[in-house]
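Each reported figure results from applying straightforward, stated rules to the coordinates on display, with no laboratory input. The model shown is predicted, which means the values in this text are computed figures rather than measured ones. Cβ sites come from the backbone with ideal geometry, for glycine too, and all protein chains shown count toward neighbours.
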Amino acid sequence: MKTKLIKTGKIIDGKEVLGVELTNTKGTYVKIYNYGAIISKFIVTNKNGEKQDIVLGFDDFDQYVSEEYLANYPYLGAVIGRYANRIKNGRFTIDGEVHQLSQAKGGDCLHGGDTGYDKRVWDVLSTIDPSVTLQYISPDGEENFPGNLTIQLTFKLTDEDELILDFKATTDKATAINLTHHGYFNLAPAGGSVAKHHHRMPASNYLEQDDNYVVTGKLIPVEGTHHDFLGGKEFDADWDPAEGYDQTYVLDKEYGELTLASETTEQTGGLKLSVYTTEPIAHLYTAKYLNVKHGKEGRNYEPFGGFCVETQHHPNAINIPEFPGTVLRPGETYAQTTIYKVEHS
């Protein structure tokens, strides 16, 4: 097992961009950039004995910051913060003080604002084989969020082909926080559409969304709807082929427990990806808006060419008192664990 730092030769905002390679005894390999805490590669061995990369991304770091990519930006493989998903009208109130954030298309704040943690260079704190701990200190007022927030994220690769993400954060002023990882997975050796991936999710309810995908506060049972993944089914079994899925699901679990969030399998390569999390929510996105040119090996990534399982707290919870709280106060520690486990189905 080993950890290796790779220089990219790039400096962004005065900080050096590094690649971090994690390899376990099986030869499973993960590459992470300290820019955006991006998981750029996740190479495993499929049932046919072939090495296979299961995440979407680029072969060269420069492409992550290219104008072409950023013009239709899908957050490939990055950490999202200070607040994942959408906040209604980009506005929230803590202790009587109103905070107005930047507003994306539709007037809501998306994934932390104009420049979220996905576009920041994190500091490399430590490397203990095979793991790395990254840190980002988000200053008071960044993207109009209150408080100096210190986030540490440890990636650890186990010999059971688990990639463990451990988040911790502290603040010096009450603030809103909801972190997630925005990896795009495709378990098929040749890539292409994920329509025939089989997906199971222990979630009996999903969250109602308005026309701009903002959570309203209403829970809706999945029973009798195309959102029912309790027994498992292929993504395209009863989806709207023009829309796919871009929906938040409430996991059936005790709050804070580390439990299964989803299980996805693909027959050609025989791989199964299980996602475990301490978070109460999994947002499923089948990449309707994906449109990336010149990805790995020159592939173009098109709509429904990947799927995301974004583990987090309830989106827009900062404005919905009935939902689990997303306010972090001085003296408290935000903590979240998410695990991506790969095995043969």
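Using Cβ point charges alone (K and R +1, D and E -1), the dipole size of the chain about the Cα centre works out to roughly 700 debye.
Net charge in the neighbourhood of Pro130 (other residues with Cβ under 13 Å of its Cβ; Lys, Arg +1, Asp, Glu -1) is -1.
Each helix, a run of at least 4 DSSP H residues, gives -39500 (n - 2.57); summed and divided by the residues of the chain, these come to 0 deg cm²/dmol at 222 nm. Under 20 Å of direct C-alpha separation, and excluding same-chain neighbours fewer than eight residues apart, Lys7 reaches these aspartates and glutamates: Glu16, Glu21, Asp59, Asp60, Asp62, Asp118, Asp123, Asp129.
Pairs from the table (Lys105/Lys296; Lys26/Lys272; Lys2/Lys47; Lys196/Lys272; Lys15/Lys168) lying more than 20 angstrom apart at Cα are Lys105/Lys296; Lys2/Lys47; Lys15/Lys168. Between Tyr206, Thr170, Ile94, the Cα set farthest toward the positive side of the dipole of the stretch 68-227 (charges on each charged residue's Cβ, about the Cα centre) is that of Tyr206. For the stretch 233-249, the residues whose amide N sits under 16 Å from a probe point set 7 Å from the Cα of Lys196 along the beta carbon direction are 233-238. Most tightly packed first, judged by the mean number of other beta-carbon atoms within 10 Å of their residues, the peptides 215-228, 184-197, 3-16 read 184-197, 215-228, 3-16. Rounded to the nearest angstrom and listed largest first, the equivalent-ellipsoid semi-axes of the chain from its Cα gyration tensor are 28, 25, 19.
With the cut-off at 20 Å, tell me which of the pairs Lys31/Lys119; Lys4/Lys341; Lys4/Lys41; Lys4/Lys156 have Cα atoms farther apart than that. Before the final figure, lay out the partial values.
Details: Lys31/Lys119 17 Å; Lys4/Lys341 22 Å; Lys4/Lys41 14 Å; Lys4/Lys156 13 Å.
Flagged as over cut-off: Lys4/Lys341.
From the convex hull of the Cα coordinates of the stretch 141-190, what is the mean projected area in square nanometres? Kindly include the intermediate steps, with their values, before the conclusion.
Working: hull surface 21.3 nm².
The directionally averaged projection comes out at 5.3 nm².
Once both labels are positioned 7 Å from their Cα atoms along Cα-to-Cβ, the gap between Asp240 and Asn48 label points is 3.5 nm. Distance between the pseudo-spin-label points of Ile220 and Glu254 (7 Å out from Cα toward the beta carbon): 3.1 nm.
Each Cα pair of the stretch 233-276 feeds into the Kirkwood radius, which the Stokes-Einstein equation turns, at 10 °C and 1.306 mPa s, into a diffusion coefficient of 124 µm²/s. Mean projected area of the convex hull spanned by the Cα atoms of the stretch 75-204, taken over all viewing directions: 11.1 nm².
Every pair of different Cα atoms in the stretch 1-139 enters the Kirkwood calculation, which places the hydrodynamic radius at 16.7 Å. A simple charge model with +1 on the Cβ of Lys and Arg, -1 on the Cβ of Asp and Glu and nothing else charged puts the dipole of the stretch 1-149 at about 540 debye relative to its Cα centre.
Ordering 27-36, 154-163, 87-96 by mean Cβ neighbour count within 10 Å, with the highest value first, yields 27-36, 154-163, 87-96.
So if each residue of separation counts as 0.36 nm, and I subtract the Cα-Cα distance between Val124 and Glu68, what length gain in nm does that give? Intermediate values should be presented prior to the final figure.
Details: separation 56, 0.36 × 56 = 20.16 nm, distance 2.81 nm.
Going from the current span to full extension adds 17.3 nm.
Computed extension gain for Asp59 through Lys7, at 0.36 nm per residue and net of the alpha carbon distance, reaches 17.3 nm. Can you give me the relative contact order of the stretch 1-126 as a percent, contacts being Cα pairs under 8 Å and 6 or more apart? About 20 percent, as a whole number. Structural descriptor for the stretch 222-345: relative contact order 25 percent, calculated from alpha carbon pairs under 8 angstrom and at least 6 residues apart.
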